[in-house]
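Okay, structure first, notes after.
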Amino acid sequence: MSVQLCIYEDDKSNRFLPLSWTRPVYDLKCGMVTLREKILRSYPGVKVCLACRGYLSGVLEDRYPGMEINTISEDGVLFVNGRVLAGVDFASRISLEGENKVYLSGDDVVAVRIGGRALERVSEKLDGPLGRDDFDVGREESVEVPLVGYIWELISNNAEQIVIDYQMLGANGGIAGKVYDGVHLLNPSVITLRRGSVVRSGAVLDAERGQIFIDEGVEIYPNAVVEGPACIGKGSRIKIGAKIYEGTSVGEVCRVGGEVEESIIHGWSNKQHDGFLGHAYLGSWINLGADTNNSDLKNNYGSVKVFVDGEFVDSGQMFVGLMMGDHSKTGINTMFNTGSVVGICCNVFGAEFPPKFVPSFSWGGGGEFSEYELSKGVETARRVMARRQVKMGAVYEKLLHEVYKKTVDTRDRFLKQE
């Protein structure tokens, strides 16, 4: 019997809003790659199904043409929870083939191996969250496998995951790009500089405390400092005098300057100017205006509370910064409190701190917000993407419309409070 791998979402995807409005949880980055890529590298060559919420299926079909979306085509399937942080030994502990079994880590389902009539019942539910009760499998086994439960856990695990990903990708150092005179490489044996990348005079790549991976076509400007563990994605630029501290992941085609510490930035986003970004998570197509800052530590050094799916949740973390969804922007000198959450397609500005939660498609600052009209938000997103020679297709535009509709009630309640 041939076996298919299915990466799925469970009922905790709302904990990852606003980032999970526009992508499945398993397409969130932690370390050098996404959760999905960590799982896939554990099972090379296997046929793959990606299960996702129905309104995301069209975008995934465009993005991953070689994978089946919400479709099972084999007699046996290994379902893997998309919140898993799959490590080096994941496949050896949970094999593709074998008897039907549920693998549990505490109360969380890690993976399920299933076939027969039980699989047929699950196959009808792939476009929604899958819970433990959906898998009609008698045998259970406990395994110690980490799963992320909230956005801030992606951030707190990022430095360690960069080290693990660096090793699993076989990046054993090597300078294939151009390094100008006057560059300082500290512990160069664990610095990887891919072909077509450039490091200009005065820059420092400090890998004394962890690996540094710089992908193809990256430009590190003069006097910038990158401290490992860190990774910089294809085609990105680290601006003059930038300070990139440990535990930072920058995606592809980003522009990053100022001070960044233990943060994750998805591809196609800009933080070009001075300002502090710490213990933060930014989605794609974001632009932070000059001198935008976020606090990531309370003055009483207490645990930071974060607005999650309608309520404030105690993170249990001392350091939590800004979490911002795709296509949102800030004006110059914008300030965010610890644990601030900003939805997708927002425009935040002004001299006062905005609320710790700003819902998607909101426009304003301080205590004065209004709805960001859907047509204007989409048109701005289209223009921003076009500047990077990326065309917004009909499927992606439909996704933004869907998110707008799904966030109407939350936005209305927020604006009434204002």
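The values are calculated or read from the model by the stated rules, or taken from the named source; none is laboratory data. If you're wondering where the values come from, they're calculated on a predicted model, not measured in any experiment. Here Cβ is always computed from backbone atoms with ideal geometry, including for glycine, and neighbour counts include all displayed protein chains.
Summed over the stretch 58-82, residues that are under 30 Å from Lys391 (Cα atoms) and within 18 Å of the chain's Cα centre (by Cα) total 5. Identification of strands (runs of 3 or more DSSP E) wholly contained in the stretch 163-231 with 1 or more residues that are within 15 Å of Ser249 (Cα to Cα) yields 191-193, 204-206, 212-214, 225-227. Of the residues making up the stretch 194-218, those that are out of contact with any Cys (no Cβ under 9 Å at 6 or more places or on another chain) and either farther than 23 Å from Asn158 by Cβ or of a type in the set (D, E, K, R) (or both) are Arg194, Arg195, Gly196, Val198, Arg200, Ser201, Gly202, Asp206, Glu208, Arg209, Glu216. Taking into account only those residues within the stretch 349-390 that are surrounded by 15 or more Cβ atoms within 10 Å (Cβ to Cβ), among the aliphatic types (A, V, I, L, M) and in contact with a strand residue (DSSP E or B) (Cβ under 9 Å, 6 or more places away or on another chain), which is nearest to Leu19 (Cα to Cα)? Per the stated criteria, the residue is Val358.
Let's see how each residue does on (1) surrounded by 15 or more Cβ atoms within 10 Å (Cβ to Cβ); (2) under 28 Å from Ile212 (Cα atoms):
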{"site": "Cys30", "(1), (2)": "yes, yes"}
{"site": "Arg41", "(1), (2)": "yes, yes"}
{"site": "Ser57", "(1), (2)": "yes, no"}
{"site": "Ile69", "(1), (2)": "yes, no"}
{"site": "Asp107", "(1), (2)": "no, no"}
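Just checking, which of Leu17, Leu28, Leu60 is of a type in the set (A, V, I, L, M, F, W, C), more than 23 Å from Gly339 (Cα to Cα) and in contact (Cβ under 8 Å) with a residue 12 or more places away in the chain? Exactly one residue qualifies, and that residue is Leu60.
For the stretch 258-272, a tally of residues being of a type in the set (A, V, I, L, M, F, W, C) and either surrounded by fewer than 21 Cβ atoms within 10 Å (Cβ to Cβ) or not in a strand (DSSP E or B) (or both) returns 1.
When Gly302, Gly316, Gly331, Gly275 are checked against the criterion of being crowded, with 18+ Cβ neighbours inside 10 Å and at pLDDT 95 or above, Gly275 stands alone in meeting it. For first residues located in the stretch 195-208 and in the same structural domain as Asn172 (by TED's automatic domain parsing) and closer than 15 Å to Ile244 by Cβ, partners that are modelled with pLDDT of 95 or more and of a type in the set (Ser, Thr, Tyr) and lie 6+ apart or on another chain with Cβ distances below 7 Å form the pairs Val199/Tyr180; Arg200/Tyr180; Arg200/Tyr221.
Candidates are the residues of the stretch 186-199 that are under 11 Å from Gly228 (Cβ atoms) and hydrophobic (A, V, I, L, M, F, W, C); the one that is surrounded by the fewest Cβ atoms within 10 Å (Cβ to Cβ) is Leu186. The set of residues in the stretch 387-409 that are in contact (Cβ under 8 Å) with a residue 40 or more places away in the chain and in contact with a helix residue (DSSP H, G or I) (Cβ under 7 Å, 6 or more places away or on another chain) comprises Gly393, Val395, Tyr396, Lys398, Leu399, Leu400, Glu402, Val403, Tyr404.
Assess whether Leu96 counts as being surrounded by fewer than 21 Cβ atoms within 10 Å (Cβ to Cβ), more than 21 Å from the chain's Cα centre (by Cα) and at pLDDT 95 or above. It is false that Leu96 is surrounded by fewer than 21 Cβ atoms within 10 Å (Cβ to Cβ), more than 21 Å from the chain's Cα centre (by Cα) and at pLDDT 95 or above.
Filtered by the rule that a residue be closer than 15 Å to Met32 by Cα, among the aliphatic types (A, V, I, L, M) and in a loop (DSSP other than H, G, I, E, B), the stretch 237-256 gives a lone residue, Val253. Of all residues in the stretch 1-34, those being under 29 Å from Val308 (Cα atoms), assigned to a loop (DSSP other than H, G, I, E, B) and over 13 Å from the mean Cα position of the chain (by Cα) number 4. Is there a residue in the stretch 307-327 that is of a type in the set (Asp, Glu) and within 30 Å of Asp62 (Cβ to Cβ)? Yes, that holds for at least one residue. Restricting the first member to the stretch 285-307 and to residues that are touching a residue at least 24 places away in the same chain (Cβ under 8 Å), and the second to residues that are assigned to a strand (DSSP E or B) and of a type in the set (Val, Ile, Thr), the beta-carbon pairs closer than 6 Å and six or more apart or on different chains are Leu288/Thr330; Gly289/Thr330; Thr292/Thr330; Val306/Val313; Phe307/Val341.
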